[in-house]
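Student: Before I ask anything, let me first share the structure, which is written out below as structure tokens.
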Amino acid sequence: MLNVRICMGITMAFIALHPYSVSGQNAEKEYTLDEIVGLALERSELIAGGRYTVKESSEYRKQATALPNPSIGLSSGYVSADGKRGAAYGVTLTQPFVFPGKRRSIDGIMAMDEKLSELDLREAVLTVRYGVIRAGYSYMVYGELLSHLEERMRRFRVMEGYMNSRPFAASRARMDKYIVSGRILLLQKELDRLKADRDRYRIQLGTYLDLPENLRISAPLFVRGPEITEEEIAESAAEKNPSVRRLDAALEKSKLRRRHATLGRYPDFDLTAYYNADPSVSGETQAGIGMTLKLPILDRNAGEIGGTEYGAMAAGEKLAFQKRETKQHVAAAFREYRLAAKNLVRFPESLLDRAHGQLADADREFAKGTIDLITYLEVESQAHETHLAFFESQMEFMSAYTGLLFLAGRDDFKTGE
């Protein structure tokens, strides 16, 4: 029995000094978080599509303000007069013109369409950036937590083997064995759930770019979090929040459409130059210029003018609501950020080193028989809770931090602070 306990002590000490590492078991392709963000921004179809949409809007803008093509009319025939008969012909050249000011208003409307496309592209870039950061950082943290849980499993497997090696177990020893066996069963369930969650984040990364299945992501862990004030975020959100900027541009477009509708009361016109000749009969020629326009009597474009006025009013109200909503979201998000930053300080990485030291001490004492299983499990559970608290604080801060930056329309995410 003494030899078994000695072997148990050596094994537990080995576990304490050589923690399990997942990366050592499989050949994994390693990326930094900055690398996969850069690759996603470079390869994302969403961003590429946004860039093409901007170019599309630019081309439409050019076409919308282009001068209409002139038209030419040719005519020929025979005329007779005073017993004479001969050929006659005529030429007309017509150039359409829009009422002064309309082309400029059309250009303004199309410019706002181009700006809206640029804002959509900007939002797509932010969406991809923070989508990759959230999924990539979560995948990394879950990988670390998975390594910790696999080490726990290995530790309990060693304990189970030690207990199974005792040929004549007393009642208390049998109860200890039941406890350890039950803990292993629960740990296996937790381990499977954690693997599935980590794979879910890898699949989320596949939304933005193709990555190998055996993937490892590295990034500095947060320490305190960047110093950010609520006023700073609120000011940035008022100017750069994607939804606010889009509705602000929509309001400007509505105002331009209203102005263009007002100009629609005044008709466009055509200028026509003509030349007619009757050389063989009378020898007469006619040349001149004329203008054709519609009389704004029956249609004064009142419906479009009224519609665009209501459209501008609607855009203004939506913008006011979006600003109010964004302001409230910033206030709530900043409180989440502040709490998450406090938890970063409350659960520093040094707690893990302390937990490992306490667990190694418990391993030694349990192997020597100076503490019972219940005491050992309490220390082991406390070490596990410390790991969970540390990694949860990292995840909560990452989520709060990226959410705050997205609301503010900023892309200056930083790790390791």
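Student: Output the number of the condition that residue 111 fails; it satisfies all remaining conditions of (1) touching a Lys or Arg at 6+ places or on another chain (Cβ under 7 Å); (2) under 30 Å from residue 213 (Cα atoms); (3) among the hydrophobic types (A, V, I, L, M, F, W, C).
Tutor: Only one criterion in (1) touching a Lys or Arg at 6+ places or on another chain (Cβ under 7 Å); (2) under 30 Å from residue 213 (Cα atoms); (3) among the hydrophobic types (A, V, I, L, M, F, W, C) is unmet by residue 111, namely (2).
Student: Given the residues 206, 225, which is the only one that is more than 24 Å from residue 382 (Cβ to Cβ), small (Gly, Ala, Ser) and surrounded by fewer than 14 Cβ atoms within 10 Å (Cβ to Cβ)?
Tutor: 206
Student: Do the conditions hold for residue 240, that is, is it within 24 Å of residue 407 (Cβ to Cβ) and surrounded by fewer than 20 Cβ atoms within 10 Å (Cβ to Cβ)?
Tutor: yes
Student: Next question, about the same structure. In segment 268-292, what residues are surrounded by 14 or more Cβ atoms within 10 Å (Cβ to Cβ), more than 16 Å from residue 72 (Cβ to Cβ) and under 60 Å from the mean Cα position of the chain (by Cα)?
Tutor: Correct list: 268, 269.
Student: Have a look at 342, 323, 414 and point out the one that is without any contact (Cβ under 8 Å) to a residue 24 or more places away in the chain, among the basic types (Lys, Arg) and more than 30 Å from residue 162 (Cα to Cα).
Tutor: Only one candidate passes the filter, namely 342.
Yes/no per residue for (1) part of a loop (DSSP other than H, G, I, E, B); (2) out of contact with any helix residue (DSSP H, G or I) (no Cβ under 6 Å at 6 or more places or on another chain); (3) under 28 Å from residue 109 (Cα atoms):
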{"residue": "246", "(1), (2), (3)": "no, no, yes"}
{"residue": "258", "(1), (2), (3)": "no, no, yes"}
{"residue": "272", "(1), (2), (3)": "no, yes, no"}
{"residue": "286", "(1), (2), (3)": "no, yes, no"}
{"residue": "306", "(1), (2), (3)": "no, yes, yes"}
{"residue": "311", "(1), (2), (3)": "no, no, yes"}
{"residue": "317", "(1), (2), (3)": "no, yes, yes"}
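Student: Out of 340, 315, report the one residue that is in contact with a Phe, Trp or Tyr (Cβ under 8 Å, 6 or more places away or on another chain) and over 30 Å from residue 93 (Cβ atoms).
Tutor: From the options 340, 315, the qualifying one is 340.
Student: Same structure, new question: For residue 223, state whether it is among the β-branched types (Val, Ile, Thr), at pLDDT 95 or above and either in contact with a Ser or Thr (Cβ under 9 Å, 6 or more places away or on another chain) or assigned to a loop (DSSP other than H, G, I, E, B) (or both).
Tutor: no
Student: Looking at (1) in a helix (DSSP H, G or I); (2) surrounded by 18 or more Cβ atoms within 10 Å (Cβ to Cβ), which one does residue 173 not meet, given that it meets all the others?
Tutor: (2)
Student: Assess whether residue 299 counts as being within 60 Å of the chain's Cα centre (by Cα), surrounded by 14 or more Cβ atoms within 10 Å (Cβ to Cβ) and of a type outside the set (Gly, Ala, Ser).
Tutor: No: the conditions fail for residue 299.
Student: Output the number of residues of segment 41-85 satisfying the condition of being assigned to a loop (DSSP other than H, G, I, E, B) and either of a type in the set (A, V, I, L, M) or surrounded by 13 or more Cβ atoms within 10 Å (Cβ to Cβ) (or both).
Tutor: Summing the residues that are assigned to a loop (DSSP other than H, G, I, E, B) and either of a type in the set (A, V, I, L, M) or surrounded by 13 or more Cβ atoms within 10 Å (Cβ to Cβ) (or both) in segment 41-85 gives 5.
Each row is one residue, and each column tells you yes or no for (1) free of Cβ contacts under 8 Å to residues at least 40 places away in the same chain; (2) closer than 24 Å to residue 394 by Cα; (3) not basic (Lys, Arg).
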position	(1), (2), (3)
177	yes, no, no
190	no, yes, yes
199	yes, yes, yes
203	yes, yes, yes
206	yes, yes, yes
223	no, yes, yes
237	no, no, yes
242	no, no, yes
250	no, no, yes
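Student: I've got another one for you. Taking the residues in segment 303-358 that are polar (S, T, N, Q) and surrounded by 12 or more Cβ atoms within 10 Å (Cβ to Cβ) as candidates, determine which candidate is farthest from residue 245 (Cα to Cα).
Tutor: The selected residue is 358.
Student: When residue 381 is evaluated against the numbered criteria (1) small (Gly, Ala, Ser); (2) touching a helix residue (DSSP H, G or I) at 6+ places or on another chain (Cβ under 7 Å); (3) surrounded by fewer than 17 Cβ atoms within 10 Å (Cβ to Cβ), which criterion, by number, is the only one it fails?
Tutor: Just one mismatch for residue 381, condition (2).
Student: Out of 36, 72, report the one residue that is within 30 Å of residue 215 (Cβ to Cβ) and modelled with pLDDT of 90 or more.
Tutor: Unique residue meeting the criteria: 36.
Student: Residue 279 - would you say it is touching a Lys or Arg at 6+ places or on another chain (Cβ under 9 Å) and of a type outside the set (Gly, Ala, Ser)?
Tutor: Against the criterion (touching a Lys or Arg at 6+ places or on another chain (Cβ under 9 Å) and of a type outside the set (Gly, Ala, Ser)), residue 279 does not qualify.
Student: Scan segment 176-202 residue by residue and report those that are loosely packed, with under 13 Cβ neighbours inside 10 Å, under 46 Å from the mean Cα position of the chain (by Cα) and either at pLDDT below 90 or not charged (D, E, K, R) (or both).
Tutor: 182, 185, 186, 196
Student: Among the residues of segment 268-324, write down those that are under 30 Å from residue 238 (Cα atoms) and of a type in the set (A, V, I, L, M, F, W, C).
Tutor: Those that are under 30 Å from residue 238 (Cα atoms) and of a type in the set (A, V, I, L, M, F, W, C): 312, 313, 314, 315, 319, 320, 321.
The values are calculated or read from the model by the stated rules, or taken from the named source; none is laboratory data. Values in this document were obtained by computation on a predicted structure and should not be read as measured data. Every residue, glycine as well, gets a Cβ built from its backbone with ideal geometry; the counts of neighbours run over all protein chains shown.
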